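Asker: Quick one: structure below, then a few questions.
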Amino acid sequence: MLVLFMLFAGCAAPATVRQEQLVDGLTIGLEAPEPAKLNATQELIVTLHDAQGQPIDAATVYLDLTMPAMPMGTNRPEAEPLGQGRYRIRTALTMLGTWELTVVAERAGTEYRAIFTREVVE
Ligand SMILES: [Cu+2]
């Protein structure tokens with residue numbers, strides 16, 4: 001299941017895109033600046049909720065950044081927990097084109113993975 005929302009905070013503020021996936025009862029969300037600019041530091045927010053909609057804080061979260069079109073080496077920035085089921089990752093995408101951002105969340109010995117696609121533009 002993939003849900004896509006566009007949030008516009010105001011005329012002057014940059015837009016944020018929010019995507020969500022349901023993985024084995026865990027709702028994994030990713031909030032990212034839109035558009036995804038080449039080589040710009042961007043702040044990504046991962047959100048985790050259980051089947052009852054309760055935020056999950058006791059998880060280890062990182063991103064696995066790849067491009068489907070080519071090998072790009074290993075790039076796995078770790079997330080910093082913010083509380084309320086939110087985790088922050090700062091990273092930059094260093095090439096134009098389609099990226100796959102795999103959110104990996106480890107919780108109570110179980111690993112959950114959700115793949116989100118981002119299009120990087122100039
Ligand atoms: Cu590439």
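Taken together, the values in this text are just the output of simple stated rules run on the coordinates, not laboratory data. Computed from a predicted structure; not experimentally measured. Reconstructed Cβ throughout: ideal geometry from the backbone, glycine too, with neighbour counts over all protein chains shown.
Asker: Among (1) over 21 Å from ALA40 (Cα atoms); (2) within 16 Å of the chain's Cα centre (by Cα), there is one condition ARG118 misses while meeting the rest; what is its number?
Answerer: (1)
Asker: Go through (1) touching a His at 6+ places or on another chain (Cβ under 7 Å); (2) of a type outside the set (Ser, Thr, Tyr); (3) surrounded by 15 or more Cβ atoms within 10 Å (Cβ to Cβ) and name the single condition PRO55 misses.
Answerer: (3)
Asker: If you don't mind, another one. Please go through the stretch 77-91 and give me each residue that is within 16 Å of the ligand (Cβ to nearest atom) and loosely packed, with under 14 Cβ neighbours inside 10 Å, ordered by number.
Answerer: none
Asker: Now for a different question. From the list THR102, THR94, THR74, THR47, which one is in a strand (DSSP E or B) and within 16 Å of the ligand (Cβ to nearest atom)?
Answerer: THR102
Asker: If we keep just the residues of the stretch 53-71 that are away from the ligand (no atom under 16 Å from the Cβ) and small (Gly, Ala, Ser), which is nearest to the chain's Cα centre (by Cα)?
Answerer: ALA59
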